[in-house]
1. Being assigned to a helix (DSSP H, G or I), surrounded by 18 or more Cβ atoms within 10 Å (Cβ to Cβ) and either of a type in the set (S, T, Y) or without any contact (Cβ under 8 Å) to a residue 40 or more places away in the chain (or both) is the filter here, so list the residues in the stretch 65-95 that pass it.
2. Looking at the stretch 215-253, which of its residues are touching a residue at least 24 places away in the same chain (Cβ under 8 Å), assigned to a loop (DSSP other than H, G, I, E, B) and of a type outside the set (S, T, N, Q)?
3. Do you know which of the residues in the stretch 102-124 that are open to solvent by less than 20 Å² (accessible area, probe 1.4 Å) and without any contact (Cβ under 8 Å) to a residue 40 or more places away in the chain is nearest to A275 (Cα to Cα)?
4. Would you mind stating whether K249 is charged (D, E, K, R), open to solvent by 40 Å² or more (accessible area, probe 1.4 Å) and either within 24 Å of the chain's Cα centre (by Cα) or more than 30 Å from A145 (Cβ to Cβ) (or both)?
5. Taking interchain pairs and intrachain pairs at least six residues apart, which have beta carbon atoms under 9 angstrom, with the first residue in the stretch 254-276 and under 14 Å from D365 (Cα atoms) and open to solvent by less than 40 Å² (accessible area, probe 1.4 Å) and the second part of a helix (DSSP H, G or I) and of a type in the set (D, E)?
6. Given (1) touching a helix residue (DSSP H, G or I) at 6+ places or on another chain (Cβ under 7 Å); (2) on the phi > 0 side of the Ramachandran plot, identify the lone condition not met by G227.
7. From L62, L41, which residue is farther than 20 Å from W127 by Cβ, open to solvent by less than 10 Å² (accessible area, probe 1.4 Å) and at pLDDT 95 or above?
8. Only one of these conditions is not met by W127: (1) open to solvent by 20 Å² or more (accessible area, probe 1.4 Å); (2) in a helix (DSSP H, G or I); (3) in contact (Cβ under 8 Å) with a residue 24 or more places away in the chain. Which number is it?
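The values are calculated or read from the model by the stated rules, or taken from the named source; none is laboratory data. Note that the coordinates shown come from a computational prediction; the quantities given were computed from them, not determined experimentally. Methodologically, a virtual Cβ is constructed for each residue, glycine included, from the backbone with ideal geometry; neighbour enumeration extends over all protein chains shown. Each accessible area value is taken on the protein alone, full model and side chains, heavy atoms only, with ligands, DNA and RNA left out. Shrake-Rupley method; radii C 1.70, N 1.55, O 1.52, S 1.80 Å.
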Amino acid sequence: MNVSSKEFFSKTQPLKQIEKELLDQTGCVSVKWCGRAATALYWSYQLTKSIREEVSQPEVILPAISCTTPANTAMLAGLQPRFADVHQDTGMLGLLEIQQRFTENTVAVVFIHLYGHTRDLTAINKWCRERNVLLIEDIAQAHGARFPNGRLAGSVGDFSVYSFNPTKLLECGGGALMIRSAEHEKIMSKLEPKNQVQKEPEADIVDQLGLSYRNLHHSLVTLFRMGADAALSTAFLQIRSAFDAMYLKRTYDSKSLAEAWSQLPGILERRRRKAEIYKQKLKGGPWQTLDGWQKSGVCWRYSLLVDFPEKVVVFSKRVRSDGFHVSNLYWPVNHFFKPDDECYSADDFARRIVNLWVDDSVDEDWVRQCAESMQKNAAFEI
C-alpha cells in the first residue's frame, strides 16, 4: 500500500515539553518521532530527493566508518551511497574527504558523530550550503553531545537523526528526525513515498531479520578481514533488499521515551566516570585512546586503536575469554556497497579499533577488571 509520511510518526502528546526543549536547543522547527533511527534516516533521504528533484541519479556521501544502516536506508529511498575516507585518528569525516568524493549528483552528506565524539562542522556546513548539498547529522551514538563551541550536536545539519533503540544511549525504543527549515518542513508535510512500502511486519519477523542480518554482517566482516575480493560485495548487494522491512518502523512507546529522556544526564555521567577509569587504567598501553568524549561530554563506548592490527582478532578473543565485552566489527562499509570508493585510512582504522562497554550493563569494578585484562593480554601481542 502507499504509506504517507504522517503514518510513520505517532502522536507526540507525552513528548511535547521535550520537543519544545529540543527545538529551543537546536534551532530546528520540527521533530518527527518514529519507530527507529533507520526510519528517520529513510525520511531524511526521501525529503532530500524531493528538495533536489532536478538530480536524476542522486548520491549521498557517507563516511566509510559506520554501521551499514545509513547506506541500506539510502538505497531503500532511491539514493546511491558513496563513501568518503575518514580521519585516521577519529574515524570521522573531514571536508577534504567529502570534497574528494563529491560529484554533480551529490545531494546530501551524512556526518556521523562516531562513538559520541564530535568535531567542528562549520567548514563542512558552509561548503554544503554553497553547493546546495543537504547536511544530515547522525547522532545515534551522541545524544547530548556538544560541539567544541558548546552548541548541541544536531544544531547544525539541515536534518538530524536520533536513535533510542537498544545499544544506544537511551534504550527505550524509537527514533526522531529533526528538520531545521520551515520550507523543508512544509515539503515534508506533503511528502508521499514514490515507491510502494509494505505494511510494518510483526515484531518477531523483524527480530528474525535482525538476527539473520547480524550473523551475515559478522560473517562478511570475517571474510573481508581475511582478504575476500570485491565479488563478495556483489553477492551482498544481491540479497541486501531482503532485509528492507527492518528499516521502516512507525510504532514506539512515547510514554517510555518521555520517561527515559529525563534520565539522560545521569546516564551520560555514569558513562563518563567509567570512561575515565579506562583512560587511567589503559595509560601507557600499546594503543591510542580516542578521548573525544572528554570534549563532547558523551561516551557511547570507550574506543582505542591498537598498535598490533594483525593480532587484534586474537587479542579480542583473549579478552572475551576473560569475560569482558570487546567489539572490533566496525569494518569499512564501502567494502559492502562500493569497493571502488577506496578509503585507505578507514581500512587502517577498522583493523585497529577496539570498543569497550561503558553502559549500565557493567559497573565500575567490571571496567577496572576489563582494563586489567586488556593490559595483560596486550603483553602477549608486543
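1. The answer is T69, T73, A74, A77.
2. A230, L248, K249, R250, Y252, D253
3. Among those that are open to solvent by less than 20 Å² (accessible area, probe 1.4 Å) and without any contact (Cβ under 8 Å) to a residue 40 or more places away in the chain, it is L121.
4. yes
5. Listed pairs, sorted by first residue: K274/E364.
6. (1)
7. After applying the criteria, what remains is L41.
8. Going through (1) open to solvent by 20 Å² or more (accessible area, probe 1.4 Å); (2) in a helix (DSSP H, G or I); (3) in contact (Cβ under 8 Å) with a residue 24 or more places away in the chain one by one, W127 breaks only (1).
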